[in-house]
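Below is one structure, written out as structure tokens, with a few remarks after it.
The values are calculated or read from the model by the stated rules, or taken from the named source; none is laboratory data. Note that the structure is predicted; figures quoted are calculated from it, not measured. Glycine gets a Cβ as well: all are built from the backbone with ideal geometry, and neighbour counts include every protein chain shown.
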Amino acid sequence: NQNSANLESNKLTLTGSSTVAPLASEIAKKFEAEHPGVRIDVQTGGSSRGLADATQGLADIGMISRALKDSETEQFQSYAIAQDGIGIILESSNPVQSLSNQQVVDIYQGKINNWQEVGGEDAPITVVNKAEGRSTLELFLKYFQLTNSQIQADVIIGDNQQGIKTVSGNQNAIGYVSIGAAERDISAGVPLKLLSVGGVEASTETLQDGSFPLSRPLTLVTKETPSGLTKEFIEFAQSENVHDLVEAQNFVPISPQKLVQVP
Amino acid sequence: MTKSIHNNLDRHKIAEIQPLMQIHQLSLFYNQKPAFKDVTLSIPQNSITAIVGASGCGKSSFLICLNRLSDLIPGCTVSGHIQLGTLNILSPKANTTALRRRIGTIFQKPNPFPMSIKKNITFPLKEHGVKDSQQRHNIVEQVLKDVGLWSEVKDRLQDNALTLSGGQKQRLCIARTLALQPEILLMDEPCSALDPISSGIVEDLILRLRQKYNYTIIIVTHNLAQAKRIADYTALFWVDKGCGRLIEFAPAEQFFNAPNNELTKAYVNGIKG
Amino acid sequence: MTKSIHNNLDRHKIAEIQPLMQIHQLSLFYNQKPAFKDVTLSIPQNSITAIVGASGCGKSSFLICLNRLSDLIPGCTVSGHIQLGTLNILSPKANTTALRRRIGTIFQKPNPFPMSIKKNITFPLKEHGVKDSQQRHNIVEQVLKDVGLWSEVKDRLQDNALTLSGGQKQRLCIARTLALQPEILLMDEPCSALDPISSGIVEDLILRLRQKYNYTIIIVTHNLAQAKRIADYTALFWVDKGCGRLIEFAPAEQFFNAPNNELTKAYVNGIKG
Amino acid sequence: MWKPKTLSLFPLRNWFKYRKDFLLVWLLRGLSAIAGIVILLILGFLLREALPVLEEVGITAFFRDDSWNPGEKSYNLVPMIWGTGLTMMGAVLLATPLGIVSALFCHYYAPMPIASLYRRLIELLAGIPSVVYGFWGLVVLVPLINRLHPPGTSLLAGIAVLTLMILPTITLVADASFAKVPPEYLMGAAAMGLSSWGTIWQIVIPSAKSGLFTGVILETGRAIGETMAVLMVCGNVVQTPDSIFDPVRTLTANIALEMAYALDNHRSALFVSGLLLLGVIIVLAIAAELVDREAS
Amino acid sequence: MNLSGLKMIRQNQYGLDKVISLFFWLVPLIVTSLFIWILGDIIRGGIGQLNWAFLTTAPLDTGRQGGIAPILVSTLLILGVCLAVSLPIGIGTAILLAEFTPNHNWFGRLVRRSLDVLAGVPSIVFGLFGNAFFAKTLGLGFSILSGGLTLACMVLPILIRATETGLSAVPQEYRLSSASLGISRTSTLWHLLLPAATPGLLVGLVLGIGRAIAETAALIFTSGYVDRMPTSLLDSGRSLSIHIFDLSMNVTGGDANAYGSALVLILILLLINAIASYLSGKYSKTLKV
Ligand SMILES: Nc1ncnc2c1ncn2[C@@H]1O[C@H](COP(=O)(O)OP(=O)(O)OP(=O)(O)O)[C@@H](O)[C@H]1O
Ligand SMILES: Nc1ncnc2c1ncn2[C@@H]1O[C@H](COP(=O)(O)OP(=O)(O)OP(=O)(O)O)[C@@H](O)[C@H]1O
Ligand SMILES: [Mg+2]
Ligand SMILES: [Mg+2]
Ligand SMILES: O=P([O-])([O-])[O-]
């Protein structure tokens, strides 16, 4: 005869990043299967919701698609569960094969407006940028040392797949998206290609070995030091048990030496 | 003929008859524009009152005040006083539902409900508490016979009432009202859509109602011959400066033979009946 | 009186008059149920034909065949033949728009459009190509005077036609049809909503139209006195086994004084007019 | 003549029957009060969430700042008001005639089976998720427009997709109001040999006016409030468009794009855009009210 | 004469009128072909996924594999809650506005305009509101109930406006003659006005259901993302539209199942609309004839 307190402790709620949510759901299902009686609800709504809900105690665990900012490390404990890379994509029939970092910066600042200037056809460039606040954007800006207000975008997108669909449907577009997602779509025949960044080929391999410069961790955050079921779940999500799930979602498992474990 | 008998009967009684409905200084406005003004008259119990007058003089408007149907017309306001027995009809506290059961109305334009012929009659009956379906059926048969419609529709009682011809519709509306046995019947040109035969049936019916069941009937008609035939009292409305007025209200005999007002005289004589 | 003059005039001419509209074996069905059957008659040019008969015998249904309005009623089918001059009215190829301009209709239930009084008349005119607004205005004045409505509404031509009284509405509908100057007028109990004065006006109008403007008029009426007063020819419809039949069609004089059919005799004599 | 036992036939009805109408009115009042409360709650909620940034930077910042860049503390919403207004207007201007013509077609032109098929089709379209419209717009429409004039994601794409989305609303509401045009009018018009078009333009449409008006209101609401599809095809660049091929961002897309990542003042500022949207709608509602009053 | 259902097409037409009629055929043709294009895309993409297993199994691999059974159930529950709440409130308010509030009454005008405002509130704002009010303040959490209630708020203006239009189109004569027979307003409403207003009501219902079933943004924050089979109304449940959104915008390689789910959604809608019009037809029949 279980009492309600017991039941309560058998339920876990995660909210936050839409990038992490599908992965977290899969991990949760596997966890539930291994721990009968436990229920884990994964909700989405964006990284900021993850942080907000974790603060207010509405969620046991928040999910964010980036590392904690310096200002946030005070408040939260964070545990990365996977790694995601950002690659620059073009439509596959675009003759341009590579771009230097400076060319990318110039294109995004509107200084280069035509593919001719970088060795392509005579066609205006459609610059696809991410919406304000997205961690992919922040990563991109940081690496190319830009501010968002300098960027002259023609299209602003939200989610990953929107970026892929926008670029794959427009021969003259340039954008940046998750490498794993792009790789998967390319192998499924979507007309896309990934450009190398800073001379490093964009692929899950270079991401895994740490040589690809543009990457972000997918992170679980808690307000307090995790304990009980929360701790158990985070440990599970970081374990090798779930590496197949991480890879199935086109992310890269965290290499063991970088792993921050629950104390 | 029954007609003359009862007419004579009444004429003698006039002085004794109790007024059933007293109307005092009644006016009706559509959006502040008066349709008729300052009508004062008393409707005697158990009588037939005919209202005549030119088109647009406010006859229909007058009728709809009497059972507060005017409430339903947006922008329509009524002033004055109507007393029915102990009931002040225009009082905001009057129970209009009960009032309208006591005072039935037949409209100029027949308007059966969009339901079956039978249900047009049984639905109001049910609403007024006649629970027994056999009894309802009997009433349906009875009132349809009364209006001379039974033989025409007895095989199609389940048909939609909107498929009836104009005259049939009107008789159905009369039947539906009779089924509720009101004390007073307001009829707004009930025969204008009827052929002479049905018209005759309805006239006979009106006389019978008045005679045997003590109905009080107020009827608007354009047919002076009809008014002459059936009315105990007759009222003439006329438009004066764009607003209806009661010109004369008198026992029918006097109205048609020795009217007080010049206008009445001209009206009853000078026109094609 | 004009009436008797033109009546006498016509009676002499009957043999010579060209039939304007020849109706042969006409039947109308509502969802396969016949409303009337096998009606054969010829409407002479420049005449007034009255159709009388009990409610529900198919008079209105008969009228709506003549200008193919029956097309508009779902489930309504017509068989037989109607010839108007060289035009086969029931042919699927007949231009109904043009046909209906030639044959105007006045309905039993007045149905002015929900627009201003003036626009009710000018809008169809515009549709039929009267481009000059002064001319349209003149026609409005003319036809409203013709139906005796001008003095009543001349100050409120911009008011919505739905605020008119029943009789005013009906006269407006007549005016709006007259404005189009049809050759033939079908009138379905045009006076049933009118007081005797307006009724008289309309009767005079009908006679005038027939006399001065050579209209051919077919009028359904319940008022036998009216039929007697104005009709050159009269037709009696009657229900036989649930289906309307043409009982008798004859010059009015003969119809009322020496009818061939027993039923006609009973009808013209035995009823309250 | 039917001779009744008057007294037993109409027994005194019980309290409930006498009070039925009274109860009904109060029941109805209660129900509409709930509807009213929802509106107030939403307004209150938006105000509460928007208040922090309004207190900090004031209302004028949202109209006067250089740009929309909440990360750098500038909050100009004006280009997005244009974006919202232009997409909405374009879509309503296109969808209204198309919808009304569709409804007229169902009523007066199409034979029964075709009309009911067409109606079914339109009903279906009312329920296709906006993602699907957006998706279709993104993979089909945008590349087409891109060929005309890059980048393809544009005001035009937004208007086109929105038009499709709101078309069912106006069509179905118009259809229902045409069903109520009194047949006597049509009969009268036919009897005078009026053309179909004349009848429709002068009689059918004026008699169905109030229903059509409702349809326009509802479709406008949907056009203003629509988020996902617009977000996918409009390009979302914060700028006042110079041409129909320029990308724009609507207020709703702004909320949807950024809410998930917004913190503190940025989040609060997004609620201001929600509030502003409501303001736009209130202005439109007042305009509608004036037009309505004028008409009646 | 009963003329409802008059068709102009039965008249033959000439000249300009003929041109205009051509136009009247052209517009639906264009609209239809556009929509067949969209529907065709969905059907082409989705028909391959559609089989019994797809409908009866749970999603696997974040929805790329497996079926949509729990999502189907959640969708229907959310819709059920939404309609159970919004129908009585919507119809009640519409009746109050159309039958018991004079047209020029300031209160009626205010309510109507407020509803118009409500109709234009973006769905994401409804979502955030629902999250704050139903999920947090009322403590319902991420649940089917929260989602259904939020949707109810959303479809309310559509329901009310359409029903009201239907009611106000009923001829005044019915009210007059019903009142003259001493029939209470309640019965008049039930037996005469509502049956006559069912076409309008049905439009509101169809539009409302359409809006509710297609809704994404409002549900992400209220009924949630959990794709487990719900066991009570207080469980979180993912709706089909969210599933479609997630698969097409957030899950790489989810397009095929997104199409499959969209096709299922459309089939459900077809079914619900058919049931709704059948029931409303029956309602107006049982009460009318
Ligand atoms: N709903 C209304 N709104 C505004 N004016 C109206 C309305 N109903 C009637 N009127 C006007 O009020 C006056 C009286 O109309 P009413 O219908 O009472 O006349 P009536 O005597 O019954 O005429 P008829 O014999 O033609 O039926 C007319 O001038 C008419 O135009
Ligand atoms: N639309 C319809 N559908 C089915 N039956 C109809 C329809 N219209 C009329 N009827 C039936 O056809 C018959 C003839 O009707 P019609 O209206 O022609 O009669 P009428 O002679 O004009 O009668 P009235 O003098 O009462 O106007 C009637 O029995 C009527 O019930
Ligand atoms: Mg009258
Ligand atoms: Mg008739
Ligand atoms: O939802 P995000 O993963 O892009 O934060």
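Annotations
- Residue identified as buried (at least 24 other Cβ atoms within 10 Å of the Cβ) and either more than 23 Å from the chain's Cα centre (by Cα) or of a type in the set (Asp, Glu) (or both) among E:250, E:257: E:257
- Residue A:75 falls short on exactly one of the conditions (1) in contact (Cβ under 8 Å) with a residue 60 or more places away in the chain; (2) within 30 Å of residue A:209 (Cα to Cα), and that condition is (2).
- Residue-level analysis places residue C:233 outside the set of residues that are under 30 Å from residue C:117 (Cα atoms) and more than 16 Å from ligand 5 (Cβ to nearest atom).
- Only one of E:108, E:148, E:90 that is away from chain D (no Cβ under 12 Å) and either assigned to a helix (DSSP H, G or I) or more than 30 Å from residue D:49 (Cα to Cα) (or both): E:148
One line per residue, one yes/no per condition, for (1) within 28 Å of residue C:160 (Cα to Cα); (2) within 7 Å of chain E (Cβ to nearest Cβ):
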site	(1), (2)
D:146	no, no
D:150	no, no
D:169	no, yes
D:188	yes, no
D:197	yes, yes
D:200	yes, no
D:205	yes, no
D:209	yes, no
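- Filtered by the rule that a residue be at the interface with another protein chain (Cβ under 8 Å from one of its Cβ atoms) and under 30 Å from residue D:265 (Cα atoms), the stretch A:105-134 gives A:131, A:132, A:133, A:134.
Residue-by-condition table, conditions (1) more than 13 Å from ligand 5 (Cβ to nearest atom); (2) crowded, with 17+ Cβ neighbours inside 10 Å; (3) within 14 Å of chain D (Cβ to nearest Cβ); (4) under 16 Å from the mean Cα position of the chain (by Cα):
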residue: A:17; (1), (2), (3), (4): no, yes, yes, yes
residue: A:31; (1), (2), (3), (4): yes, yes, no, no
residue: A:41; (1), (2), (3), (4): yes, yes, no, no
residue: A:78; (1), (2), (3), (4): yes, yes, no, yes
residue: A:87; (1), (2), (3), (4): yes, yes, no, yes
residue: A:99; (1), (2), (3), (4): yes, yes, no, no
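Conditions (1) β-branched (Val, Ile, Thr); (2) at pLDDT below 90; (3) in a loop (DSSP other than H, G, I, E, B), marked per residue:
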residue	(1), (2), (3)
A:146	no, no, yes
A:153	no, no, yes
A:165	no, no, no
A:174	yes, no, no
A:177	yes, no, no
A:183	no, no, no
A:186	yes, no, no
A:190	yes, no, yes
A:193	no, no, no
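- Odd one out for residue E:245 among (1) in contact (Cβ under 8 Å) with a residue 60 or more places away in the chain; (2) part of a helix (DSSP H, G or I): (1)
- Among (1) at pLDDT 90 or above; (2) over 23 Å from residue C:128 (Cβ atoms); (3) within 16 Å of ligand 2 (Cβ to nearest atom) - the single one residue C:22 does not satisfy: (3)
- Counting only helices (runs of 4 or more DSSP H) that sit wholly inside the stretch D:216-296, those with at least 3 residues that are more than 11 Å from chain A (Cβ to nearest Cβ) and hydrophobic (A, V, I, L, M, F, W, C) are D:264-295.
- Residues of the stretch C:33-47 satisfying the condition of being polar (S, T, N, Q), part of a strand (DSSP E or B) and in contact (Cβ under 8 Å) with a residue 40 or more places away in the chain: C:40
- Picking from residues in the stretch C:138-160 that are within 13 Å of chain B (Cβ to nearest Cβ) and assigned to a helix (DSSP H, G or I), the one that is nearest to ligand 3 (Cβ to nearest atom) is C:152.
- Residues of the stretch B:56-78 that turn out to be in a loop (DSSP other than H, G, I, E, B) and touching a residue at least 40 places away in the same chain (Cβ under 8 Å), as a count: 6
- Checked against the criterion of being touching a Cys at 6+ places or on another chain (Cβ under 8 Å) and either more than 13 Å from ligand 1 (Cβ to nearest atom) or not aliphatic (A, V, I, L, M) (or both), the candidates B:55, B:70, B:79 yield just one match: B:70.
- Of B:192, B:199, all but one fail to be assigned to a helix (DSSP H, G or I), hydroxyl-bearing (Ser, Thr, Tyr) and within 16 Å of ligand 2 (Cβ to nearest atom); the exception is B:199.
- Note on the stretch B:104-135: residues that are under 12 Å from residue B:180 (Cβ atoms) and within 14 Å of chain D (Cβ to nearest Cβ) total 10.
- Conditions (1) on the phi > 0 side of the Ramachandran plot; (2) touching a Phe, Trp or Tyr at 6+ places or on another chain (Cβ under 8 Å): number failed by residue A:105: (1)
- Helices (runs of 4 or more DSSP H) wholly inside the stretch D:94-195 that include at least 3 residues being aliphatic (A, V, I, L, M): D:112-126, D:142-148, D:155-178, D:183-191
- Pick from the stretch B:165-213, criterion at the interface with chain C (Cβ under 9 Å from one of its Cβ atoms), in contact with a Gly (Cβ under 7 Å, 6 or more places away or on another chain) and touching a residue at least 12 places away in the same chain (Cβ under 8 Å), ranking: nearest to ligand 3 (Cβ to nearest atom): B:193
- Out of C:94, C:50, one residue alone is assigned to a strand (DSSP E or B) and either at pLDDT 90 or above or not polar (S, T, N, Q) (or both). It is C:50.
- Exclusive hit being of a type in the set (A, V, I, L, M) and out of contact with any strand residue (DSSP E or B) (no Cβ under 9 Å at 6 or more places or on another chain), set B:235, B:225, B:250: B:225
- Qualifying positions in the stretch E:224-240 - touching a Leu at 6+ places or on another chain (Cβ under 7 Å) and either at pLDDT below 90 or facing another protein chain (nearest Cβ under 10 Å) (or both): E:239, E:240
- Every listed requirement among (1) at pLDDT below 85; (2) away from ligand 1 (no atom under 16 Å from the Cβ) is met by residue B:207 save one, (1).
- The residues of the stretch A:47-59 that are more than 19 Å from the chain's Cα centre (by Cα), crowded, with 24+ Cβ neighbours inside 10 Å and in contact (Cβ under 8 Å) with a residue 60 or more places away in the chain amount to a single one, A:54.
- Hits in the stretch C:186-229 (condition: under 20 Å from residue C:140 (Cβ atoms) and crowded, with 23+ Cβ neighbours inside 10 Å): C:190, C:198, C:202
- Selection count, the stretch B:102-119, where residues are basic (Lys, Arg) and within 16 Å of residue B:191 (Cα to Cα): 1
- Number of residues in the stretch E:248-281 that are part of a loop (DSSP other than H, G, I, E, B), out of contact with any Gly (no Cβ under 9 Å at 6 or more places or on another chain) and in contact (Cβ under 8 Å) with a residue 40 or more places away in the chain: the value is 1.
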